[in-house]
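No lab work stands behind these numbers, since they all come straight from the coordinates. For clarity, every value in this text was computed on a predicted model and none was experimentally measured. All Cβ positions, glycine included, derive from the backbone under ideal geometry; neighbour counts span all protein chains shown.
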Amino acid sequence: MALYLLAMHQPVGPAPDREVLQQVMADLDVVRKELQAAGSWVFAGGLHDPGASTVLRPDGNDVLITDGPYAEGAEHLGGITVIDVPDLDAAVGWGRRQASASGLPIEVRPFRDAF
């Protein structure tokens, strides 16, 4: 088995209307339950918007701390799911399910080293 990150990217701006967001969350909950039933779910979580970020940047022998996102953009990382599946094909299958459930882009990326 291998660990993969399913990174959900969402547009910068206000959240969708309450009814739309409730349906998206319900659809994603179905995918999470299926991941859990398959024994592939490790953990997941939503993130605050980029304005809640703190960036630590090396600067010689010091580390500068700044508020806000690393870079401005039209999209930001909105949530993650870590899964444990046999291979990339399985990870892409689950990513496809999340993309369909959320209507948002999902980046599938393997972990370099499992811990």
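So how do MET8, MET1 line up by other beta-carbon neighbours within 10 Å, fewest first?
MET1, MET8
In whole Hz and in residue order, list the ³J(HN,Hα) couplings for segment 43-50 that follow from phi through the Karplus curve 6.51 cos²θ - 1.76 cosθ + 1.60, θ = phi - 60°; x for Gly and Pro.
Values per residue, Gly and Pro as x: 6, 8, x, x, 10, 5, 5, x Hz.
Label point 7 Å out from GLN22 along Cα-to-Cβ: which residues of segment 63-102 have amide N under 18 Å?
102
Once every DSSP H run of n ≥ 4 in the chain is given -39500 (n - 2.57) and the sum is divided by its residues, what mean residue ellipticity at 222 nm do you get, rounded to the nearest 500 deg cm²/dmol?
-10500 deg cm²/dmol
Taking the Cα centre of the chain as origin and charging only Cβ (+1 Lys, Arg; -1 Asp, Glu), how large is the dipole, in debye to the nearest 20?
I would put it at about 280 debye.
Go ahead and run the numbers for FRET between VAL30 and THR54, Cβ-Cβ distance against an R0 of 35 Å, rounding to 0.05.
Working from the Cβ atoms, E equals 0.55.
Skipping prolines and chain starts, which residues have an amide H placed within reach, meaning under 5 Å, of the one on TRP41, given they are 5 or more residues away or on another chain?
Long-range HN contacts for TRP41: GLN36, ASP84.
Given segment 2-110 reduced to its alpha-carbon atoms as identical point scatterers, what log10 I(q)/I(0) does the Debye formula return at q = 0.12, 0.24 Å⁻¹?
-0.49, -1.28
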